[in-house]
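J.: Let me begin by handing over the structure; questions about it come next.
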Amino acid sequence: MFQFIVFILMCLLYIIQSIYSVKFIDVMFILISILAFQQAFSKLDKRNRIFTGFLFLTGIIINFIYGYRGLGLFAGITQNLPLLAIILLAPLISLPLRGEGVITTVIHKMSEYKDDDRKIFNGVSSFMTMLAPILNMGAIRIIHGFIEDLKFDNKLLSHAYYGGFTPAIVWSPFFASVGVVISMAEMSYISYMPVGVVFAAIQFAIAMLIMRPNKKVSESSSEIRDNTAKKDYILLSLFILLLISLLIVLEVITGLPILLLVSINCIVIPALWTLLRNKRKWMTKQINEFKDQMVSKTNMEAALFLSAGLFGSALMNTPIATVLKRAITWSAQGTVLLVFIFVIVFITLMAFLGIHQIISTPIVFPLLLTPEIDVTLHTAAFMCIYTWMFSSSISPLNALNIIISNCIHVNGIKVAFNWNGRFFITSFVTACIYVVILNQF
């Protein structure tokens, strides 16, 4: 219970501090964040303790070497709070859908397709495409939790999961990839959204063309028409569209960062639904489950994002930024395509070494905006966001690859390269063309 209170208080202080910043709140924000790290760190296994502890202590040491003292030693620990708050609070946004029975009905409908691979692929990938933009990694856990007893083919599921999930990483404001980059770029979400949505549509089309199973010749024409399921599909689609539209409108009206608005809506929308539908008892039960899941399943994310923020912020004071800048400047002597390839190689290599994109991306992105690099702001943003998606999909040390491989009980390297390699190669070639065209505008 104490850890849950600390995590929620940290999220609330992030929201309050972002709107009304005074010294007392700023200090409390840092102290609660340090306490949250301690709580999460204490629940980790030995390997993850070593990794996050190394980031945390190294960040403090670097800050000390460069003259920081007192709370200044923890400078940067709250750097990733906008993203961590979304990860912690995002499950709340699905509660109205659960309460209305939408998710259960849609998943149940898929059980009717268990003998048709194409329908399974279309159903799972489409449902994933709808849920992923608002539930992040939770979408995979929720969908697999419902369908794992149906015993679908593992390779088919990996195709559907990657094909339906990865497009959301390049456009949804609920993802760290988009949030980190547009925050560093100080651009509005609405200005980046068309860039991400267009490529997401292209990537989804690639998945449909490359990974969708062949249509059965003997497919029955007597498909069951379920008006309830159709209604819930429409309701789910409208919920997502309205939520994204609301975020865009609020960003334009208030001028507040999109990540802050996402966190606020994760709290406000379920609260309003509870009042309007008089679901207080039901919501109380769901909050208890939410509390249990938060303290048991988000410790790695909390420890990683807090320690990575501290480490990444401290690292920017070291010569590594200068070395990277020289390398990127050299690659810029060629073409924008060479810069893109360098970014992908560097961040993906870091991902394979276990260094999260939350660390490597904030180091690379500011360097792309220096005068020596002939790359537009939107192109630089897309480069880093796409690379985040690409590297997290194929690295066996990243959460996305780990979650999918664990769900289907197959090695992460085999899932990414053997089963889905064609998809990622095609996506990469398409992204290269997209970057060249995007940089012309």
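J.: Taking the options SER158, SER126, name whichever one is in contact (Cβ under 8 Å) with a residue 24 or more places away in the chain, surrounded by fewer than 24 Cβ atoms within 10 Å (Cβ to Cβ), farther than 26 Å from ILE264 by Cα and touching a Gly at 6+ places or on another chain (Cβ under 9 Å).
T.: That would be SER126, the only listed residue that is in contact (Cβ under 8 Å) with a residue 24 or more places away in the chain, surrounded by fewer than 24 Cβ atoms within 10 Å (Cβ to Cβ), farther than 26 Å from ILE264 by Cα and touching a Gly at 6+ places or on another chain (Cβ under 9 Å).
J.: Identify all residues within segment 129-155 that are in a helix (DSSP H, G or I), among the acidic types (Asp, Glu) and either over 21 Å from HIS409 (Cα atoms) or free of Cβ contacts under 8 Å to residues at least 40 places away in the same chain (or both); write none if there are none.
T.: ASP149
J.: Give segment 361-379 a look and list any residue that's touching a Phe, Trp or Tyr at 6+ places or on another chain (Cβ under 7 Å) and closer than 23 Å to ALA314 by Cβ, or say none.
T.: THR361, VAL364
J.: Going by the structure shown, is SER395 closer than 22 Å to SER172 by Cβ and of a type in the set (Ser, Thr, Tyr)? Even if it seems obvious, please write down each step before you answer.
T.: Details: closer than 22 Å to SER172 by Cβ: yes; of a type in the set (Ser, Thr, Tyr): yes.
So SER395 passes the test.
J.: Within segment 317-332, identify whether any single residue is in a helix (DSSP H, G or I), surrounded by 16 or more Cβ atoms within 10 Å (Cβ to Cβ) and among the aromatic types (Phe, Trp, Tyr), and answer yes or no.
T.: No: zero hits.
J.: Within segment 271-307, track down each residue that is touching a Ser or Thr at 6+ places or on another chain (Cβ under 9 Å) and under 30 Å from GLN79 (Cβ atoms).
T.: ASN299, MET300, ALA303, LEU304, LEU306, SER307
J.: In addition: State whether one or more residues within segment 370-392 are of a type outside the set (D, E, K, R), free of Cβ contacts under 8 Å to residues at least 40 places away in the same chain and either surrounded by fewer than 18 Cβ atoms within 10 Å (Cβ to Cβ) or touching a Ser or Thr at 6+ places or on another chain (Cβ under 9 Å) (or both). If you could, list the steps in order and put the result at the bottom.
T.: At the first step, the residues of segment 370-392 found to be of a type outside the set (D, E, K, R) are 370-371, 373, 375-392.
So of that shortlist, the ones also free of Cβ contacts under 8 Å to residues at least 40 places away in the same chain come out as 371.
Then keep just the ones that are either surrounded by fewer than 18 Cβ atoms within 10 Å (Cβ to Cβ) or touching a Ser or Thr at 6+ places or on another chain (Cβ under 9 Å) (or both); that gives 371.
Looking through segment 370-392, at least one residue is of a type outside the set (D, E, K, R), free of Cβ contacts under 8 Å to residues at least 40 places away in the same chain and either surrounded by fewer than 18 Cβ atoms within 10 Å (Cβ to Cβ) or touching a Ser or Thr at 6+ places or on another chain (Cβ under 9 Å) (or both).
J.: Here's a follow-up. Is it the case, given these coordinates, that CYS432 is over 16 Å from the mean Cα position of the chain (by Cα) and at negative phi? Step through it out loud before you land on a result.
T.: Numbers: over 16 Å from the mean Cα position of the chain (by Cα): yes; at negative phi: yes.
So CYS432 fits the description; yes.
J.: If you go through segment 252-280, how many residues are over 20 Å from LEU135 (Cα atoms) and in contact (Cβ under 8 Å) with a residue 12 or more places away in the chain?
T.: In the first step, residues of segment 252-280 are kept if they are over 20 Å from LEU135 (Cα atoms); the result is 252-256, 275-280.
Keeping just the survivors that are in contact (Cβ under 8 Å) with a residue 12 or more places away in the chain gives 252, 256, 277, 279.
So the count comes out to 4.
J.: Please count how many residues of segment 398-435 are outside any helix (DSSP H, G or I), touching a residue at least 24 places away in the same chain (Cβ under 8 Å) and either surrounded by fewer than 17 Cβ atoms within 10 Å (Cβ to Cβ) or in contact with a strand residue (DSSP E or B) (Cβ under 9 Å, 6 or more places away or on another chain) (or both).
T.: 1
Every read-out reported here was derived from the displayed coordinates using simple, explicitly stated rules and does not represent laboratory data. Quick caveat, the model's predicted, so the values are computed rather than measured. Don't worry about glycine lacking a Cβ; one is built from the backbone with ideal geometry, like all the others, and counts go over all protein chains shown.
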